[in-house]
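The structure appears below as structure tokens.
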Amino acid sequence: MRHDHLLTAKQLSRADIETVLDRAAAFDDNPAAAGERYADELLALCFFEPSTRTKMSFETAAKRLGGDVVDMGSVESSSVKKGESLADTVRVVEGYADGIVLRHPKQGAAKMASEHVDVPVVNAGDGAGHHPSQTLLDLYTIREHAGLDDISIGIMGDLKYGRTVHSLAHALTNFDVRQHFVSPESLQLPRSVRYDLHEAGAQVQEHESLDAVLPNLDVLYVTRIQRERFPDEDEYEAVAGEYSITPETLDAAKDDLAVMHPLPRVDEIAAAVDETENATYFEQAHNGVPVRMALLDLLLDDD
Amino acid sequence: MTDTELRVSKIQNGTVIDHVSAGEALHVLSLLGIDGTEGTPMSLGMNVPSDRLGRKDVVKVEGRELSDSEAEVLSLIAPEATINIIRDYDVVDKRRVERPEEVGGVLVCPNRECITNAGEPVEPTFAVLEDGLRCEYCGELIREDITAHLRN
């Protein structure tokens with residue numbers, strides 16, 4: 001993989017993805033594989049929005065590689081509160097660290113940031129845009145459970161604003177994957193993502209109900225439908241209930257269906273599903289560490 | 001001098017935009033930020049006969065030479081247009097518009113959540129597709145009514 005930054009999943013070829021996943025598998029087997037090669041490397045964590053998994057797994061990955069992190073902290077405690085631009089913030093942080101992991105509420109923020117600095121920038125979520133490092137760990141998890149060719153995946157929930165969905169959909173076009181999108185009409189994929197999937201010749205079907213497609217799926221990727229996307233509570237409750245998973249829902253699924261979720265979940269996957277063989281979301285979250293180790297290894301390596 | 005050119009008066013210094021797709025002249029004025037209140041002398045021919053286009057529009061603007069970025073956006077709404085730069089009644093430069101690979105600086109991204117609308121030092125830039133434009137930052141598509149997104 002020869003990239004200066006990781007900004008969107010669209011920039012990744014199949015070969016790029018396989019390189020990251022293979023290296024992640026090596027770190028999964030032996031977390032000490034990188035030795036102390038990154039002992040002098042510092043990774044800056046600039047999160048302008050809340051994060052638990054992404055931030056902590058990048059921090060864990062950096063430390064497992066022998067490096068360390070510097071954390072901007074919350075927006076409330078930073079110069080952003082004083083009105084500093086993102087462009088200025090990253091130019092300052094560039095002087096402190098060897099790479100920048102950025103989460104920001106505006107779409108395209110990571111791309112803009114990358115134009116102002118010479119160190120690698122990883123997009124850790126830009127509003128409703130992209131979240132490519134999540135996609136790499138999603139792909140790693142899918143590969144472990146179902147392989148990445150000749151599979152059917154259902155992607156359900158908030159497809160309109162869900163950045164993990166947008167990035168995953170783009171990345172899956174590199175593989176022989178049938179993509180089934182399941183959502184209420186108001187939360188269907190945005191036009192820009194549809195355009196890309198069409199351009200890529202992806203195998204895509206859209207559904208308003210999971211019922212018809214569930215028996216054919218190898219993977220079901222569930223995302224959270226957020227309250228604030230709906231004009232009133234009743235409408236939200238009605239829709240959210242229709243797109244949630246219980247152990248009973250899974251009766252109609254293949255025995256080895258992998259149920260995934262980028263987390264955090266609220267009630268779109270019932271806690272009882274955790275006890276089933278299908279629950280894959282915690283393993284998915286754990287995969288964030290070896291995958292981000294692999295990603296950092298490839299981006300920070302000067303050789 | 002052809003019948004078409006006779007319909008609108010000659011200009012001393014400025015730009016003549018010829019072979020504009022019929023009916024698009026008002027969009028061209030919008031692109032140039034001209035609504036008539038500036039006092040700029042300006043002539044407009046709409047739906048005039050054209051050997052090349054059948055019907056065409058012609059825009060003549062006194063005291064204004066089209067910039068390169070304006071010419072690029074012009075190519076999106078009037079792909080057949082020719083630009084004539086006039087100085088002291090003479091045509092000093094005549095060129096066809098060329099469809100660029102990207103345009104920057106003239107349009108605003110319609111996505112309010114795009115970083116280009118967040119007060120950052122970044123110029124909105126759009127890739128030119130076969131059937132529209134696409135923001136290079138957030139990926140938003142503009143497929144119709146390009147002039148509605150011109151920067152004021």
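The values are calculated or read from the model by the stated rules, or taken from the named source; none is laboratory data. Here the structure is a predicted model, which is why all the values come from computation and not from measurement. Methodologically, a virtual Cβ is constructed for each residue, glycine included, from the backbone with ideal geometry; neighbour enumeration extends over all protein chains shown.
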- prompt: Can you name every residue in the range B:103-117 that is at the interface with chain A (Cβ under 8 Å from one of its Cβ atoms), buried (at least 20 other Cβ atoms within 10 Å of the Cβ) and either acidic (Asp, Glu) or assigned to a loop (DSSP other than H, G, I, E, B) (or both)?
  reply: B:Asn111
query: Which condition does B:Glu130 not pass, out of (1) within 14 Å of chain A (Cβ to nearest Cβ); (2) more than 19 Å from the chain's Cα centre (by Cα); (3) exposed (fewer than 13 other Cβ atoms within 10 Å of the Cβ), if it passes all the others?
result: (2)
query: From the residues in the range A:115-149 that are among the acidic types (Asp, Glu) and either within 14 Å of chain B (Cβ to nearest Cβ) or within 19 Å of A:Arg292 (Cα to Cα) (or both), which one is farthest from the chain's Cα centre (by Cα)?
result: A:Glu115
message: Being among the aliphatic types (A, V, I, L, M), under 28 Å from A:Ser114 (Cα atoms) and touching a residue at least 24 places away in the same chain (Cβ under 8 Å): is that true of B:Ile142 here?
response: yes
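Filter the range A:235-253 down to residues that are among the β-branched types (Val, Ile, Thr) and either touching a residue at least 40 places away in the same chain (Cβ under 8 Å) or surrounded by fewer than 12 Cβ atoms within 10 Å (Cβ to Cβ) (or both), then give me how many there are.
Pass one, the range A:235-253, residues among the β-branched types (Val, Ile, Thr): A:239, A:245-246, A:249.
Retained after the next criterion (residues that are either touching a residue at least 40 places away in the same chain (Cβ under 8 Å) or surrounded by fewer than 12 Cβ atoms within 10 Å (Cβ to Cβ) (or both)): A:239.
So the count comes out to 1.
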- prompt: Restricting to the range A:93-114, what's the tally of residues that are within 14 Å of chain B (Cβ to nearest Cβ) and in a helix (DSSP H, G or I)?
  reply: 6
- prompt: In the range B:6-54, what residues are part of a loop (DSSP other than H, G, I, E, B) and of a type in the set (Lys, Arg)?
  reply: B:Lys10, B:Arg52
task: Return yes when B:Arg143 is facing chain A (nearest Cβ under 10 Å), at pLDDT below 90 and under 15 Å from B:Ile77 (Cβ atoms) and no when it is not.
output: yes
task: Please determine, by comparing only the residues of the range B:83-102 that are of a type outside the set (D, E, K, R) and within 25 Å of B:Arg134 (Cα to Cα), which one is surrounded by the fewest Cβ atoms within 10 Å (Cβ to Cβ).
output: B:Pro100
task: Could you tell me whether the range B:140-148 includes any residue that is loosely packed, with under 15 Cβ neighbours inside 10 Å, of a type in the set (Asp, Glu) and in the same structural domain as B:Gly45 (by TED's automatic domain parsing)?
output: no
query: Among the residues of the range B:29-43, is there at least one that is modelled with pLDDT under 90, closer than 15 Å to B:Glu80 by Cα and over 15 Å from the mean Cα position of the chain (by Cα)?
result: no
message: Checking the condition surrounded by fewer than 14 Cβ atoms within 10 Å (Cβ to Cβ), assigned by TED's automatic domain parsing to the domain that holds A:Glu275 and within 25 Å of A:Ala9 (Cα to Cα), which residue from A:Gly147, A:Gly162 passes?
response: A:Gly147
Residues that are touching a Gly at 6+ places or on another chain (Cβ under 8 Å) and not in a loop (DSSP other than H, G, I, E, B), drawn from the range A:208-222: A:Leu214, A:Val219, A:Leu220, A:Tyr221, A:Val222
- line: Counted residues in the range A:258-303 being touching a strand residue (DSSP E or B) at 6+ places or on another chain (Cβ under 6 Å) and either among the basic types (Lys, Arg) or assigned to a loop (DSSP other than H, G, I, E, B) (or both) come to 4
